[in-house]
Amino acid sequence: MAKLNLIAGEWVSGSSEIENRNPANPEDIVGIYTRGTASDVNDAVSAAAVAFPDWADASPQFRADILDRAGQIILSRHTEIGRILSREEGKTLAEAMGETIRAGHLFKFFAGEALRLAGDSIASIRSGVDVEVTREPLGVVGLITPWNFPIAIPAWKTAPALAYGNTVVLKPAEQTPACAHIMAEILHEAGCPPGVFNLVMGPGSVIGDAMVNHPNVAAISFTGSEGVGQRIADGCARLRKKVQLEMGGKNPMVVMGDADLDVAVPACINGAFYSTGQRCTASSRLIVEANIHDTFVERMQTAMNDLVLGNPLDSTTQIGPVVSEGQLRNNMGYVELAQSEGAEIVGGKHLDQPGFFQSPALFLNATNSMRSSREEIFGPCASVIKADGFEHALALANDTNFGLSSGICTTSLRHARNFKRSSEAGMVMVNLPTAGVDYHVPFGGRKGSSFGSREQGRYAVEFYTSLKTAYTFAG
Ligand code: UN1
């Protein structure tokens, strides 16, 4: 029996079905999921529009309690949900449980934020007049989420949207519908009124497009690829919708000659290869000061040889499969490209076993101008680029069309400070991997990585509300 869409508080089937398979073991079917149509999107948007006035006017305590309950249920089920997440996406059980806990915390954080929505009272330039600035929800918001964080990203968009009084239509990635479906069940169970939260699963070209083009969807928040992001931005601009885009990265990790390699090597291994490199915050360019380069590469190779690849459900596994055959082909294509561009390849082999496995790859002697150093791969592959000193490393780090996350490993306060100030990225890490962020602070980038205001933390209010300036003359 296929898992269904949630529209107006009812579970409804779409027009076809899709199998959700485990990338570590394609024989393992995680579940069968319905695929909705544009008409399901219309129904979901209508339900969300009908539910909006009461939800927007509900006591913030009412909204907070529902979000808090949802967060609590997610936390209490994190082992079971983590296992399903690992089976549908391929990340290790530890990463999957960590992600599920993050989702639970996100709901609980935004439960609190629902009660903290604040405005301003500003003196008017006219006497006897009061000016108040308040924040109001937007209406129906459309959320489009990727496969690489199947529960955390749906949670970090849904929780603030609902906390501030919007109603939601969520379209999760087709490869990973299970966690979003569980989140929908949990919101339902937590007491979310019919129509406040709707789930429509199906292909992006159908469901996503219908959401972007629907006149009653006030805003779209999207995380995914650059190409799709551009299409969504164009559609939203045409209809003057608010839009928030979180797209790719080619995140630099600078390793200075003065770095503590006991800190730098694990940070680079984690940033480049954990979650099989399938994070938009992954460290895909390791920019290493020449005087430490050979030692660093040697230490990285030793650490890579020690990495345990395999079934993500085994507790010793550190690196699981890539998400799909298509993604594996893409990654192998970039390994070949890097080689043809003159890089020396370490690892990067397709493993001959069931599932979509490859060994992590370093592209040695890479230059920053190679295509393999400029385009996002979204796999466990990192270019190693030599730098002559701090200024050169900084220039290389910033020489990219992306600007999501960046990092530096150094023991110099001066290098750390200068890098934090001059890095053209939305998030900067010192002696930490570029990936793996806190859930209660802003997330987002610059240049080609992001568009619109930041996600997460109290800054999420910018996107999910609209300002109103009210003037009152009391007479
Ligand atoms: C993280 O690094 O902890 O899609 C989160 C992504 C990002 C999330 C990264 N939006 O990879």
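The values are calculated or read from the model by the stated rules, or taken from the named source; none is laboratory data. As the structure is a prediction and not an experimental result, all values here were calculated from the model. Please note: Cβ atoms are built from the backbone with ideal geometry, for glycine as well, and neighbour counts cover all protein chains shown. Only protein heavy atoms, including side chains, enter the accessible area calculation; ligands, DNA and RNA are left aside. Shrake-Rupley method; radii C 1.70, N 1.55, O 1.52, S 1.80 Å.
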What number of residues within segment 247-262 satisfy the criterion of being outside any loop (DSSP other than H, G, I, E, B), surrounded by fewer than 24 Cβ atoms within 10 Å (Cβ to Cβ) and touching a residue at least 12 places away in the same chain (Cβ under 8 Å)? 1
Given G277, G248, G271, G310, which one is at pLDDT below 95 and of a type outside the set (K, R)? G248
Would you please list the contacts, defined by Cβ atoms under 7 Å and residues six or more apart or on different chains, that run from a residue in segment 330-344 that is modelled with pLDDT of 95 or more to a residue that is in a helix (DSSP H, G or I)? Y334/S372; L337/R371; L337/S372; A338/S372; E341/R371; E341/S372; A343/S372
Among (1) in contact (Cβ under 8 Å) with a residue 24 or more places away in the chain; (2) open to solvent by less than 60 Å² (accessible area, probe 1.4 Å); (3) closer than 15 Å to M183 by Cβ, the one test that P23 misses: (3)
Any residue in segment 299-317 that is polar (S, T, N, Q), outside any loop (DSSP other than H, G, I, E, B), open to solvent by 10 Å² or more (accessible area, probe 1.4 Å) and within 16 Å of the ligand (Cβ to nearest atom)? no
Scanning for something closer than 16 Å to N42 by Cβ and surrounded by fewer than 16 Cβ atoms within 10 Å (Cβ to Cβ), does segment 204-214 turn up at least one residue? yes
P194 meets each of (1) more than 16 Å from the ligand (Cβ to nearest atom); (2) in the same structural domain as A361 (by TED's automatic domain parsing); (3) surrounded by fewer than 24 Cβ atoms within 10 Å (Cβ to Cβ) with one exception, condition (2)
Considering only segment 146-163, state which residues are more than 9 Å from the ligand (Cβ to nearest atom) and under 16 Å from T281 (Cβ atoms). W147
Matching entry among R63, R35 (being touching a residue at least 60 places away in the same chain (Cβ under 8 Å) and closer than 19 Å to A111 by Cα): R63
Write out, first by first residue and then by second, each pair whose Cβ atoms fall under 6 Å of each other, whose residues are 6+ apart or on separate chains, and whose first residue, in segment 265-282, is in contact (Cβ under 8 Å) with a residue 12 or more places away in the chain while the second is within 12 Å of the ligand (Cβ to nearest atom) and part of a helix (DSSP H, G or I). S275/E95
Take residues that are in contact (Cβ under 8 Å) with a residue 40 or more places away in the chain and basic (K, R) and tell me which of the helices (runs of 4 or more DSSP H) falling wholly in segment 92-210 contain 3 or more. 93-116
Tell me the strands (runs of 3 or more DSSP E) entirely within segment 1-88 that contain at least 3 residues that are touching an Asp or Glu at 6+ places or on another chain (Cβ under 7 Å). 16-22, 25-35
Quickly run through segment 270-291 and pick out the residues that are open to solvent by less than 10 Å² (accessible area, probe 1.4 Å) and away from the ligand (no atom under 12 Å from the Cβ). A272, F273, R285, L286, I287, V288
Does segment 423-463 hold any residues that are open to solvent by less than 20 Å² (accessible area, probe 1.4 Å), part of a loop (DSSP other than H, G, I, E, B) and more than 10 Å from the ligand (Cβ to nearest atom), and which are they? S423, A425
Restricted to segment 225-246, and to residues that are of a type in the set (D, E) and within 16 Å of the ligand (Cβ to nearest atom), which residue is most open to solvent (accessible area, probe 1.4 Å)? E226
Looking only at segment 243-266, count how many residues are within 19 Å of the chain's Cα centre (by Cα) and either closer than 15 Å to G407 by Cβ or not β-branched (V, I, T) (or both). 9
Of residues in segment 405-422 being without any contact (Cβ under 8 Å) to a residue 60 or more places away in the chain and not basic (K, R), the one surrounded by the fewest Cβ atoms within 10 Å (Cβ to Cβ): L413
Looking at L106, L75, L67, which one is closer than 30 Å to G277 by Cβ and crowded, with 19+ Cβ neighbours inside 10 Å? L106
